[in-house]
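Presented below is the structure to which this report refers.
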DNA sequence: TCTGGGGTCCTAGGACCC
DNA sequence: TCTGGGGTCCTAGGACCC
């Protein structure tokens, strides 16, 4: 007879576990609002913010959206609108946005210690400790205080799952709900279903264009249809992601709150050039320049890279020129964040994939297999040398310090080039109001 | 003339091992 | 002559997110 183990699995809980409650705090038109906090002349004007290289719109104010401008639209397509309606145009100012984001997140963390910073302008909060009748009022207080303390307005969705919470915050924006809160938790099921039947699947978090098209072909057009579709079928035909979304729509939480930031697995610097590059020499400069940026990022996060890859490509939108794209990767014998190592590696890789006669528009350097820098894994063949490691780390720290104090590229590597005619454009960036003493606003 | 940058997760397929 | 099956790891590519 089979012997029972000494320990027994505890019997299942009779009562169901306490309900989880998520709140998604989403900053409204975040980049635009960041600009508006420091420039009152654009409070009521339409505003757009352009992506790196000033090529496309990455954020648009409500006024700009109502004129027909959408996220992702190339600037040249809306230039006429910009002039006609005197739209204020900004290059993106990431140091400013990141700093404002940090302020918002610090503010949110006063409301709950269990907070997941999901993106630069969104965070999930654990609201499970609040009783049902307090959810909406607490949320409203949070929104008005955020506006007051940080200058940024929020949309808050409260629900038993992340997908529903996200949808709630979208509904706040779509219907301009006063108080800034949409609460699914205390809502009866038939009312939720009524709302879900008016939401298209492509508007759900986790369902992009491709999946939406495939789901539509199967007759699943609305969130309501997805919620009540057969899970096993969903999983087999569309993957586990879609199944999870369906369960989350039922209020069954499948995507947990991640309060501990997962260490990054990759880091990338990839930018379009201000003008196309043809010469290998220029490509080597650009790729070296990107490698320097990657090195700074690695050291800032106290990480070292075990692998590195580079890619180069022509402009896929330009049908008149010959197209070419390629990438190459390598592994370091020892993980490194030492810039000369990164430059050497990426230059070697680029030499392998570069082809003359093409007009290159974009390139990138990606580091992978990241390790925390304090973990050292000496290699089998004794290449590791502690003194050398310390000397290199010291050198890099010094360069980083100087560049931080006196400005980016006060000290730079010759490989980065001096003219840098290929650098991306960024003509309309606002001042670094919060991260550079020289740009602090003065009131007179 | 001019079309973003930086990530994550999942899946399928191949290599390898026992 | 007959030549397995299952697990794990890695990688590339696809899909998604903001």
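Structure summary
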| item | result |
| --- | --- |
| Most mobile listed residue (A:276, A:356, A:160) in chain A, GNM with C-alpha springs under 10 Å | A:356 |
| Residue of A:50, A:211, A:342 that the Gaussian network model of chain A assigns the largest fluctuation, springs spanning Cα pairs under 10 Å | A:211 |
| Extended-chain gain in nm, criterion 0.36 nm per residue less alpha-carbon gap, residue A:140 and residue A:355 | 71.6 nm |
| Estimated FRET transfer efficiency when R0 is 45 angstrom, pair residue A:281-residue A:209 (beta carbons, to 0.05) | 0.65 |
| Rounded, prolate or oblate (a/c below 1.5 giving rounded, otherwise prolate when a/b exceeds b/c) for region A:96-207 by Cα gyration tensor | prolate |
| Fully extended contour minus Cα-Cα distance, from residue A:129 to residue A:442, at 0.36 nm per residue | 108.4 nm |
| Separation of the residue A:94 and residue A:235 label points, Cα + 7 Å toward Cβ, nm | 3.9 nm |
| Nitroxide proxy distance, nm - points 7 Å out along Cα→Cβ at residue A:81 and residue A:218 | 3.5 nm |
| Taking the convex hull of Cα positions in chain A, its mean projected area over all directions (nm²) | 31.1 nm² |
| Cβ-based exposure ranking for A:35, A:202, A:387, in which fewest neighbours within 10 Å come first | A:387, A:202, A:35 |
| Helical contribution to [θ] at 222 nm, DSSP H n ≥ 4, -39,500 (n - 2.57), averaged over chain A, rounded to 500 | -12000 deg cm²/dmol |
| Choice from A:98, A:304, A:86 showing the highest fluctuation, given a GNM over chain A with Cα pairs closer than 10 Å | A:86 |
| Separation of the residue A:252 and residue A:173 label points, Cα + 7 Å toward Cβ, nm | 2.9 nm |
| Efficiency of FRET between residue A:228 and residue A:260 - r from beta-carbon atoms, R0 30 angstrom, step 0.05 | 0.30 |
| Chain A, relative contact order [Cα under 8 Å, separation at least 6], % | 15 percent |
| Efficiency of FRET between residue A:385 and residue A:268 - r from beta-carbon atoms, R0 30 angstrom, step 0.05 | 0.55 |
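The numbers here are math on the coordinates, done by the rules we state, and not lab data. Not measured: the values here are computed from a predicted model. Using ideal geometry, Cβ is built from the backbone for each residue, glycine included, and neighbour counts are taken over all protein chains shown.
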